[in-house]
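Input: a single structure, listed below in structure tokens.
The values are calculated or read from the model by the stated rules, or taken from the named source; none is laboratory data. These numbers were taken from a predicted model, which means no experiment stands behind them. Neighbour counts run over all protein chains shown; Cβ positions are idealised from the backbone, glycine included.
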Amino acid sequence: MERIKEALERARQERGDAPASPRPAAPTAAARSVDINYTQTRTTPVSSGMLRSHRIIAGLPDGEFTAAYRILRTQVLQRLKENDWNVLAITSPGEDEGKTLTAINLAISLAMEVSYTVLLVDANLRHPSIHEHMNIPAGKGLSEYLLDDIPLSDLLVHPENLEQVVILPGGRPVQNSAELLNSPKMVQLVKELKTRYPSRIVIFDLPPVLSAADALAFAPYVDAALLVLEEGKTSQEDARRTVELLDCTNVIGTVLNKANRD
């Protein structure tokens, strides 16, 4: 873990990262108002047992792992509030390092803050999987919005037991995913999602940085990125290279997944 931290720090120093410039303060919790209305959003049932079996534990009763997500939530919220950000990408250097589960659990944990709603977007268009983790029936999603002009309101899904969480599934898998994520329609969607509701946090689950061009094509349009690393799998070089490639956005931190507690 220490070697990975050192690699990330060296990469930041080599890029010459400067402290973020001050931005207007985000509205306080007291000033925000969350008005949830799911009359136009499709609602699907999810059970606590299913969530637990899929390792989605952020909304379950207190425990060691739920506490870890609350700590992560607090750290992420601090960085977002400091800079008046509300659009966050979650990615990893390589495949199967836990980024999608981290994105889902963080989204649920953030939505437990009374001042926020969370929109979780499956932007891994080659291999969309959030619907599988959440046991949501496969259907249309972001791909259909970009390619077939399906209205966004017809694509959003609300897991009924997860208040203040809405999901935009990935839809059908596509091969030209990097081009779609960099398309004018996608850029406009990000702008719309960012500004429509001041109390909404938007999380994009992106493909791994080192396996496709998707994350690099899309990173300039988000406020910040969170990097998921797997202990014992993510190499120092891969971590360093990933941070270098993400120099077009603000890497606010890393999550060390599958860490040995000894």
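A few remarks follow.
- Considering (1) more than 23 Å from Val76 (Cβ to Cβ); (2) out of contact with any strand residue (DSSP E or B) (no Cβ under 8 Å at 6 or more places or on another chain), the lone condition that Arg196 does not fulfil carries the number (1).
- Residue in the stretch 117-150 that is nearest to Arg79 (Cα to Cα), counting only those that are of a type in the set (Val, Ile, Thr) and surrounded by 22 or more Cβ atoms within 10 Å (Cβ to Cβ): Val118
- Matching residues, the stretch 212-231, being touching a residue at least 40 places away in the same chain (Cβ under 8 Å), over 30 Å from Val114 (Cβ atoms), surrounded by fewer than 22 Cβ atoms within 10 Å (Cβ to Cβ) and out of contact with any Asp or Glu (no Cβ under 6 Å at 6 or more places or on another chain): Ala212, Glu231
- Test result for Gln236, without any contact (Cβ under 8 Å) to a residue 60 or more places away in the chain and more than 18 Å from Leu120 (Cβ to Cβ): no
- Of residues in the stretch 110-144 being under 17 Å from Lys81 (Cβ atoms) and either among the acidic types (Asp, Glu) or in contact with a strand residue (DSSP E or B) (Cβ under 9 Å, 6 or more places away or on another chain) (or both), the one modelled with the lowest pLDDT: Glu113
- Residue within the stretch 195-209 that is in contact with a His (Cβ under 9 Å, 6 or more places away or on another chain) and under 22 Å from Thr102 (Cβ atoms) present: yes
- Of all the listed residues (Val190, Val209), the sole one being among the β-branched types (Val, Ile, Thr) and within 14 Å of Leu142 (Cβ to Cβ) is Val190.
- Scanning the stretch 117-153 for residues that are part of a helix (DSSP H, G or I), more than 17 Å from the chain's Cα centre (by Cα) and among the hydrophobic types (A, V, I, L, M, F, W, C), we see that the one that is nearest to Leu216 (Cα to Cα) is Leu146.
- Tabulated pairs, the stretch 27-56, first surrounded by 12 or more Cβ atoms within 10 Å (Cβ to Cβ), second at pLDDT below 75 and assigned to a helix (DSSP H, G or I), C-beta under 9 angstrom, 6+ apart or interchain: Arg55/Phe65
- Test: residue in the stretch 70-88 that is in a strand (DSSP E or B), touching a residue at least 24 places away in the same chain (Cβ under 8 Å) and crowded, with 20+ Cβ neighbours inside 10 Å: yes
- Qualifying residue in the stretch 104-116 (condition: out of contact with any Phe, Trp or Tyr (no Cβ under 8 Å at 6 or more places or on another chain), among the aromatic types (Phe, Trp, Tyr), buried (at least 18 other Cβ atoms within 10 Å of the Cβ) and not in a loop (DSSP other than H, G, I, E, B)): no
- Check on Arg200, among the basic types (Lys, Arg) and either over 21 Å from Ile104 (Cβ atoms) or free of Cβ contacts under 8 Å to residues at least 60 places away in the same chain (or both): no
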